[in-house]
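What follows draws every value from the coordinates through simple rules; no lab data is involved. No experiment lies behind these values; they were computed from the predicted model shown. Every residue, glycine as well, gets a Cβ built from its backbone with ideal geometry; the counts of neighbours run over all protein chains shown.
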Amino acid sequence: MNARSRLAAALDAARDWHANLPEARAFCDWPDDLVWADLPPHPLPSAAHVLSNPGASGAGSDALLQALQAVVGDVEWRHTYTAEEVGQTFLDHFCWCELAGPEGHFLTDKARITVGYWGPGLFYPRHQHQPEELYTIVSGRALFHADGEADIWLAPGETRLHLSNQPHAMTTEADPVLTLVFWRGDGLADPPAITPGAG
C-alpha cells in the first residue's frame, strides 16, 4: 500500500468516526468536495510518540488509531508555535497535521480536519482562533480548559466544543492524548494565536 492509499484509508476511518459520533455529525457535515493534494511528508521527531505512546484507545476508536498510526511517516507534520511561545519540551512532545482542509492532504474549503498529539505532562497555553472547533479524543486523556466553562477531563470518544475566539487550553498529566479535531466557519487556514497574558 502506498502513501496515497494509506492516507485514503485514514480519511475513511475518520469519516466512519465522524459518522458514529453524534456530536461530530451535529457540528459539521462530512465534506463532499475532497480532492487529493499530494503533499510531501514533513517528519518531526515528536511524531514518533504517536507510535510509541499514543495512550489507551477505546473499543470505538481502535480502528481510527491504527489508521492514523499507519500514516505517521506519510503526513506533513507541523508545530505552528515556537519554543519561545511554548517551550522546547512542549515542541518535543507535540505535533499536528491537517488531514483535510484548505491546506490538507485532501483539499476542501467546507471544513478542516486535523490530527493533534500531546505527550504526557504538558500544558498547552491559552490560545484562540476564529473558526469553531470540536475536539474528539482518539486515545489517551486530557484536561480541557475554556474561558467561561468548567474544566473537564476527556477520554476516547468524548468531545469538547470551542467557540470562535474563545480562549482555551489543555493539560496532560500521566497520559498523552491523540485527537481528531473538526473545524468550521471562517478562517479555516489561519493559525491559532496564543492569548495575550496566557499562562
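Here are a few things to note about the model shown:
- Ranked packing of 60-66, 2-8, most packed first, by mean Cβ within 10 Å: 60-66, 2-8
- Likely footprinting exposure, Tyr117, Tyr81, fewest C-beta neighbours within 10 Å first: Tyr81, Tyr117
- Cα gyration tensor shape for the stretch 153-199, rounded if a/c is under 1.5, else prolate or oblate: oblate
- Stretchable slack from Asp12 to Thr171, in nm (0.36 nm times residue separation minus alpha-carbon distance): 54.3 nm
- Extension gain for Thr82 to Asp190 (0.36 nm times residue separation, less C-alpha to C-alpha distance): 37.3 nm.
- Net length gained if the chain between Ala63 and Arg4 were fully extended (0.36 nm per residue, minus Cα distance): 19.4 nm
- Computed as a quarter of the hull surface, the mean projected area of the alpha carbon convex hull for the chain stands at 10.1 nm².
- Legend: ranking of residues Val50, Val86 from fewest to most surrounding C-beta atoms inside 10 Å; resulting order Val86, Val50.
- Among Ser57, Ser164, Ser52, the ranking by other beta carbons within 10 Å of each residue's beta carbon, starting with the fewest, stands as Ser52, Ser164, Ser57.
- Once the Cβ-Cβ distance of Leu143 and Asp32 is raised to the sixth power relative to R0 = 41 Å, the FRET efficiency obtained is 0.70.
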